[in-house]
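Report on one structure; see the data block that follows.
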Amino acid sequence: MLPEGRTMLKRLSHVCLSAQDPARTIAFYRDVLGCAVAHEFRNDAGELYGAMLHCGDGTFIELFRDPAATATGGPFRHLCFEVADIGTTAERLRASGFECAIRRGRTDRVLQFFIHDPDGTMIEFHEHDAESILRPWVSAAQGNRP
């Protein structure tokens, strides 16, 4: 058993998502959200079937083609990206045609809004401002004290 407050984990490295059309989904994460394509998975014929997308701070989204993929919920609910300025992020996404209604989480008090990627995966964006209950945890992980 680990001591209280300790974990053997360093950080979440990546999540893996299925994509009906990898090129379309890569374009969304690259062109709309600003992720960098760190690696493309290609078969022997050179056909694209997946990618590793860098989301920042050494974290990734891994995508693989699955023509039957649909976001059905199940145990996976959504991805979440922390952003520095929720208002600026929402405005940028609104300019790309997304509806972004910023609200404050009822119990964790985080500022947040949600959109969906081309495959239906729900994506949350949030900012830990002074009211966020999780801000001390995030600040400690970044070497800061709230």
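The values are calculated or read from the model by the stated rules, or taken from the named source; none is laboratory data. Keep in mind that this is a model prediction, so the values were computed, not measured. Every residue, glycine as well, gets a Cβ built from its backbone with ideal geometry; the counts of neighbours run over all protein chains shown. These accessible areas exclude ligands, DNA and RNA; they are computed on the full protein's heavy atoms, side chains included. Shrake-Rupley method; radii C 1.70, N 1.55, O 1.52, S 1.80 Å.
Some notes on this structure:
- Among [x] 20.0; [y] 15.2; [z] 16.9, the entry that matches Kirkwood radius over Cα pairs in Å as calculated here: [z]
- Rolling a 1.4 Å probe over the heavy atoms of the protein chains gives the chain an accessible area of 65 Å² per residue.
- Among G120, G34, G46, the largest mean-square fluctuation in a Gaussian network model of the chain (Cα springs under 10 Å) belongs to G46.
- Portion, in percent, of the accessible area of segment 21-68 that falls on carbon or sulfur, probe 1.4 Å: 50 percent
- Exposure rule at most 15 other beta-carbon atoms within 10 Å, DSSP loop chymotrypsin sites (Phe, Trp or Tyr not before Pro): the chain longest free segment: 1-75
- Rounded to the nearest 5, the antiparallel percentage of DSSP beta bridges internal to the chain is 65%.
- For L17, the amide hydrogen comes within under 5 Å of the amide hydrogens of E62, L63, F64, counting only partners 5 or more places away or on other chains and with H modelled in the peptide plane.
- Helix 86-95 and the longest principal axis of the C-alpha atoms of the chain enclose an angle of approximately 30°.
- Here's how it looks for E82: its modeled amide H is under 5 Å from those of H126, which are all 5 or more places away or on a different chain.
- Nonlocal amide H pairs with V110, under 5 Å, H built at 1.01 Å: G105, I133
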